[in-house]
Amino acid sequence: MGELTDKAKGVANQVAGKTKQAVGNATDRPDIAMEGEDQDLEGQGQNLKGTVKGLFGDKV
C-alpha cells in the first residue's frame, strides 16, 4: 500500500475507534470503550506507517 492509503486507513480507524470509545463510555460499556481504544491505536500505527513510507518511499 502507498503512503496515502495507509494514512487514510489510519485516520478512518482512529475516527471509528474514538467513536466506539465515546459510545462505550456513554453507555457504560467498558468492553466497547476498550475495543475503540484498540482500534484508535491501530489507526495511529497505520498513520505512522504511512508517514514512514512518505519519508523513505514505498520501499518500506
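No lab work stands behind these numbers, since they all come straight from the coordinates. This structure is a prediction, so every number in the text was calculated from the model and none was measured. With ideal geometry, Cβ positions are generated from the backbone for all residues, glycine too; neighbour counts draw on all protein chains shown.
Among [x] 1.22; [y] 0.95; [z] 1.16, which one is Rg/Rh (Cα atoms, Kirkwood Rh) computed from these coordinates? Structure-derived value, by its label: [z]. Under the criterion of Cα pairs below 8 Å and six or more residues apart, the relative contact order for the chain equals 47 percent. Dividing the summed helix terms, -39500 (n - 2.57) for each DSSP H run of n ≥ 4, by the number of residues in the chain produces a 222 nm estimate of -30000 deg cm²/dmol to the nearest 500.
Given the peptides 18-27, 37-46, arrange them by the average over their residues of other C-beta atoms within 10 Å, most packed first. All intermediate terms of the calculation are to be shown ahead of the outcome.
Numbers: 18-27: 14.5, 37-46: 16.8.
Packing proxy ranking, top to bottom: 37-46, 18-27.
Couplings for the stretch 13-20, taken from phi via the Karplus curve 6.51 cos²θ - 1.76 cosθ + 1.60 with θ = phi - 60°, read 5, 5, 5, 4, x, 5, 5, 4 Hz in order; Gly and Pro are left as x.
When the charge dipole of the chain is built from unit charges on Cβ atoms (+1 for Lys and Arg, -1 for Asp and Glu) and taken about the Cα centre, the candidate among Val23, Thr5, Ala33 whose Cα reaches farthest toward its positive end is Thr5.
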